[in-house]
Amino acid sequence: SMQYNAVSGELSSAPPATLDNTQYCDELAVLEGSCDLYNWSHGTHSAGLVGALNSNGVGIASVAGGVTLMGVSCGINDGIDISNVAEGLSWAVDHGAKLINMSFGSTESSRTEHAVIKAAAEAGVVIVAASGNEGVGTMTYPAAYPEVIAVGSCDYDKNISEFSNFGGWVDVLAPG
């Protein structure tokens, strides 16, 4: 797999060897971005849901079992800058990404972000983004761009999760 950090320009965005994987983080630490373990865990969790090997008797089954993954980090502890998003998306497309998944969002749209997403879609890349976790109908970007498949969350009973953002701009719900 390939890894790229759009913030630092490094070709490896793997967690640092000094990361304390026993760190306990309360909700405030997560919200403030001061929980290094959480900051590194989301991408790892998402990658496992997508690409874990199936039928190997270990762990979980995934939706795409054994695909090649490309990890691209566009954020730092205190947020994600649009220039880093544009750099990360462009890098992924230039290096052969077929599908891009984004788990971040803002209520503000960006011409730069949308232009890069349009170019990726025109190149045949499928783009998916989370609708958000605020439980509101407010559109969030990049999920709300027309080229993006916006994914909200549903609960065990196949109802929209109380925390999931919603609206006609959300294309599909997935267990969350």
Would you check if Ala121 is closer than 17 Å to Gln3 by Cα and either open to solvent by less than 40 Å² (accessible area, probe 1.4 Å) or in contact with a Lys or Arg (Cβ under 8 Å, 6 or more places away or on another chain) (or both)?
-> no
Selection over the range 139-151 where residues are under 13 Å from the mean Cα position of the chain (by Cα), open to solvent by 60 Å² or more (accessible area, probe 1.4 Å) and touching a residue at least 24 places away in the same chain (Cβ under 8 Å) yields a count of 0
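Is it the case, given these coordinates, that Asn165 is over 19 Å from His45 (Cα atoms) and either surrounded by 21 or more Cβ atoms within 10 Å (Cβ to Cβ) or in contact with a Gly (Cβ under 8 Å, 6 or more places away or on another chain) (or both)? Break it down stepwise before answering.
Details: over 19 Å from His45 (Cα atoms): yes; either surrounded by 21 or more Cβ atoms within 10 Å (Cβ to Cβ) or in contact with a Gly (Cβ under 8 Å, 6 or more places away or on another chain) (or both): yes.
It is true that Asn165 is over 19 Å from His45 (Cα atoms) and either surrounded by 21 or more Cβ atoms within 10 Å (Cβ to Cβ) or in contact with a Gly (Cβ under 8 Å, 6 or more places away or on another chain) (or both).
In the range 71-94, which residue that is of a type in the set (A, V, I, L, M) and modelled with pLDDT of 85 or more is farthest from Val7 (Cα to Cα)? Walk me through how you get there before you give the answer.
Here is the first cut: in the range 71-94, the ones of a type in the set (A, V, I, L, M) are 72, 76, 80, 82, 85-86, 89, 92-93.
Imposing the further condition that a residue be modelled with pLDDT of 85 or more reduces the set to 85-86, 89, 92-93.
Numbers: Val85: 9, Ala86: 11, Leu89: 12, Ala92: 14, Val93: 17 Å.
Applying the filter and picking the extreme gives Val93.
Within the group Val58, Val50, Val85, Val136, which residue is open to solvent by less than 50 Å² (accessible area, probe 1.4 Å) and either touching a Pro at 6+ places or on another chain (Cβ under 6 Å) or among the aliphatic types (A, V, I, L, M) (or both)?
Criteria check complete, one pass: Val85.
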Scan the range 105-117 and report the pairs whose first residue is surrounded by fewer than 16 Cβ atoms within 10 Å (Cβ to Cβ) and whose second residue is among the hydroxyl-bearing types (Ser, Thr, Tyr) and assigned to a helix (DSSP H, G or I), with Cβ atoms within less than 8 Å and a gap of 6+ or a chain change.
-> Thr112/Ser83
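The values are calculated or read from the model by the stated rules, or taken from the named source; none is laboratory data. Note that this is a predicted model, so its numbers are computed, not measured. FYI the Cβ positions are ideal-geometry reconstructions off the backbone, even for glycines, and counts take in every protein chain you see. Remember, those area values only see protein heavy atoms, side chains included, never the ligands or the DNA or RNA. Shrake-Rupley method; radii C 1.70, N 1.55, O 1.52, S 1.80 Å.
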